[in-house]
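The values are calculated or read from the model by the stated rules, or taken from the named source; none is laboratory data. Predicted, not measured: the structure shown is a model, and the values here were computed from it. Using ideal geometry, Cβ is built from the backbone for each residue, glycine included, and neighbour counts are taken over all protein chains shown. Calculation scope for accessible area: heavy atoms of the full protein, side chains included, ligands and nucleic acids excluded. Shrake-Rupley method; radii C 1.70, N 1.55, O 1.52, S 1.80 Å.
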Amino acid sequence: MKALITWGGWDGHQPERIAHLFRDMLTATGADVTLTDSLAPFDDPELLQRLDLIVPVWTMSDLSRAAATNVSEAVARGTGLAGCHGGMCDAFRGNPLWQFITGANWVAHPGGDGVKHRVTMTADDPLTNGIPDFDIRTEQYYLHTDPANHVLAITRTDVVTWYHSPNGAVDMPVAWTRKWGLGRVYYNALGHQADVIASGPPHEMIRRGLIWAAKGKAAAAGQSIAHLQNSGNHG
């Protein structure tokens, strides 16, 4: 299994520490992991298509349309994509294609850091089986999400009163999977800092998600995306 972990962007999310945590999860499975603090690999479509897994750990950064297209084409052909928190769904705010691939975009965390909230498993799925519901004190992400996502866990947005509150509390997705062509995509909204996902249920959720996404390439072997290809929507 070949994986690329690329980290950078806003230092407040401890991207280097998160990247090393992900590396440890993957190397424990025997994966061959490349760790880099550069987005240059996204400019190499052939490299990306040789990978089993791409793990982005970037927040509030910029990605060109060409680079996003390279990632899109690699994932569509079976390369997995997995990550957490702002490192994946607040990575490239100005890139709608990235948001489409990942299944969401961050918009707020009412109350800031240290909000105690409950994470509830919602799917009978190998990625969550045996993992109990749990309380956690960290940012509670409010995301604009794709209704096509396969939601694995949720949190109820009734713990902080703010301008959104008159709309009523909602069950906000915390973790999900989705497909992009033949590829598997996994996201988990936890991970504001490394200690949030360093142990316990959050760690196990993400560990399983990384491995699941990485195994998608082998599962897609022999399949073709020809029937899915078209010009896309370029605005």
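The set of residues from the stretch 182-193 being surrounded by 17 or more Cβ atoms within 10 Å (Cβ to Cβ) and in a loop (DSSP other than H, G, I, E, B) comprises Leu182, Ala189, Leu190, Gly191, His192.
Within the stretch 36-55, the residues that satisfy the criterion of being farther than 28 Å from Ser224 by Cβ and over 17 Å from the mean Cα position of the chain (by Cα) are Thr36, Asp37, Ser38, Ala40. When Arg23, Arg50, Arg17 are screened for being farther than 18 Å from Ile206 by Cβ and among the basic types (Lys, Arg), only Arg50 passes.
Does at least one position in the stretch 45-64 carry a residue that is surrounded by 22 or more Cβ atoms within 10 Å (Cβ to Cβ), under 20 Å from Pro96 (Cβ atoms) and either out of contact with any helix residue (DSSP H, G or I) (no Cβ under 7 Å at 6 or more places or on another chain) or of a type in the set (Gly, Ala, Ser) (or both)? No, that holds for no residue. Pairs are defined by a Cβ separation below 7 Å, a sequence spacing of at least 6 or placement on different chains, a first member in the stretch 194-210 that is closer than 17 Å to Gln140 by Cα and assigned to a helix (DSSP H, G or I), and a second member that is among the aromatic types (Phe, Trp, Tyr) and open to solvent by less than 50 Å² (accessible area, probe 1.4 Å); the pairs so defined are Pro201/Phe134.
Quick one: is Arg93 within 24 Å of His13 (Cβ to Cβ) and more than 13 Å from the chain's Cα centre (by Cα)? So that I can check it myself, show each step before the final result.
Values: within 24 Å of His13 (Cβ to Cβ): yes; more than 13 Å from the chain's Cα centre (by Cα): yes.
Judged against the criteria, Arg93 is a match.
Being charged (D, E, K, R), outside any strand (DSSP E or B) and within 24 Å of Gly181 (Cβ to Cβ) is the requirement here; does Arg23 meet it?
Values: charged (D, E, K, R): yes; outside any strand (DSSP E or B): yes; within 24 Å of Gly181 (Cβ to Cβ): no.
In short, no.
Report yes if Ile154 is in a strand (DSSP E or B) and over 13 Å from the mean Cα position of the chain (by Cα), otherwise no. When the stated conditions are applied, Ile154 passes them.
Out of everything in the stretch 205-218 that is open to solvent by 50 Å² or more (accessible area, probe 1.4 Å) and over 15 Å from Arg178 (Cα atoms), what residue ends up being modelled with the lowest pLDDT? Here the answer is Ala218.
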